[in-house]
Amino acid sequence: MTAPSGFFPTASVCPVCLRRVSARREVDGADGYLVKACPEHGEFRVRFWHGPPGLSGWSRPKVPGEPPPRLTASHLGCPYDCGLCPEHGQRTCTALFEITARCNLRCPVCFATAGEAPAADPSVSALAARFSAIFAAVGPVNVQLSGGEPTVRDDLPEVVAACRQAGFSFVQLNTNGLRLADDPGLAGRLAAAGLASAFLQFDGDDAACRVLRGAPLYAKKLAAIDACVAAGIGVVLVPTIAPGVNDGQLGDIIRLARSKAPGVRGVHFQPASSFGRYPWETGQGARVTLPDLMRGLEAQTDGMLRAGHFHPPGCEHSLCSFSQPYLLEGETGLAPAPSASKACCAPAPALPADEGARRAKRFVARQWAAPTFPARSDGPADDFDRFLAEAATARHFTVSAMAFQDAWTLDLERTRGCCIHVATPDNRLVPFCLYNLTAADGRTLYRGHGPCA
């Protein structure tokens, strides 16, 4: 049988000058490459998919739904008019607000190049106005408060409360966890203000932390987990996976997270991308792909997690992520959730893009918040049904991954389906990968430029 192959036209940018260029996805057996050529800087060929599972069977078709809100006009064309412009095809699932550029670490790897000549923090009142403006534009999406490191703000509980008051019901904190470990009362104050979830940077053992974060931080990370769990904040461990650094620790991270469940709600792996501060070889060098993670998880968990368990997303482009909900089994086990067909990421017939976004928002908000253990209801049937649903959610543990696109792998077809948007100070929404896009010489497309900084 002949291995699947083919060429699929798309568009990208030159990683040197960020000029828009024609591109194509090449499928060669189980591998996928993005190939593009700049008239000034030549051809670039980068592998973005290293199967199996191969690209031929990895897809989830979507039917175009209602267009997302148009907050900017299209003048120069994608990717230069983000905000969202009329060319964008997916609604917002998560709006990310960068509430500080300061940081208490100087990580060797940082998409935001945090801590480099940081600007003054926006006031709580200024952030409250931005929260209200974005809520008016896109409605009750999930929110992530990011930076820099948000916990360096002493008024972070007030920021969380302002976000909740604007109407957002699911508010998550993107954090390195150091201050949560050092300040025993902070997690409780954040929970009281309405924080639902901590998206906790967690890269593995001290050796991995030294390479990726510049210091041995493993004990601090464990203390941050315990503080959040004690306060009733759901925890998602977020490892940045770099080849030769911690790609051999996937199983260890899963086992640690499982030992902390149900307070730890899951693990969300992110292969390292060439954004911002990234000191290693960029572009066409080695990189961890989604299939590498799937196979690694199977091998390093002795088959408890299997590559065949994972499914493409129902919201963003199929090549961007995978996910699978599991059930806690025994003291240390995980088993695929039998209700996976109803989850945001499970195989399903084609559905409208906006419906995929709605389901993804609901799934993340339910799964990544702290588990609830309600008293059994003797009231109406709908109360008992809610009890059953909440009790079942408490047993869930989600394993997922997202492969962000950098200047070498950027595929504008994928980008136009992005549902994770950075909310800028002038109330635009820019797809995460474009906001952080960084050329070979460190120049950016959006971050740090004008009113979109």
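Quick note: the coordinates plus some simple rules give every number you see, no bench work behind them. All figures in this text were calculated on a predicted structure; none of them were measured in a lab. Methodologically, a virtual Cβ is constructed for each residue, glycine included, from the backbone with ideal geometry; neighbour enumeration extends over all protein chains shown.
Ordering 155-163, 431-439 by mean Cβ neighbour count within 10 Å, with the highest value first, yields 431-439, 155-163.
Its relative contact order, with pairs defined as Cα atoms under 8 Å and 6+ residues apart, puts the chain at 19 percent. The count of lysine pairs in the chain that are at least 8 places apart or cross chains, and whose C-alpha atoms lie under 28 Å apart, stands at 9. Magnitude of the charge dipole for the chain, about its Cα centre and with charges confined to Cβ atoms of Lys, Arg (+1) and Asp, Glu (-1), is about 400 debye. Going by the alpha-carbon gyration tensor, a ≥ b ≥ c the square roots of its eigenvalues, is the range 44-89 rounded (a/c under 1.5) or, if a/c is not under 1.5, prolate (a/b greater than b/c) versus oblate? It comes out oblate by the Cα gyration axes. With a ≥ b ≥ c the root eigenvalues of the C-alpha gyration tensor of the chain, is it rounded (a/c under 1.5), prolate (a/b larger than b/c) or oblate? Note, shape of the chain comes out rounded. With 0.36 nm allotted per residue and the present C-alpha distance subtracted, the ALA299-GLU331 stretch has 9.5 nm of extension available. Charge tally around ALA126: other residues with Cβ under 14 Å, Lys/Arg +1 each, Asp/Glu -1 each, net -3. Determine which residues of the range 217-245 fall in the zone a paramagnetic label at ALA440 would reach in this model, i.e. backbone nitrogen under 20 Å from the point 7 Å along Cα→Cβ. Once the point is set 7 Å along Cα→Cβ of ALA440, nothing inside the range 217-245 turns out to lie under 20 Å by backbone N. Amide H to amide H, with H built 1.01 Å from N, GLN144 comes under 5 Å of ALA95, LEU96, PHE97, GLN172, counting only residues 5 or more places away or on other chains.
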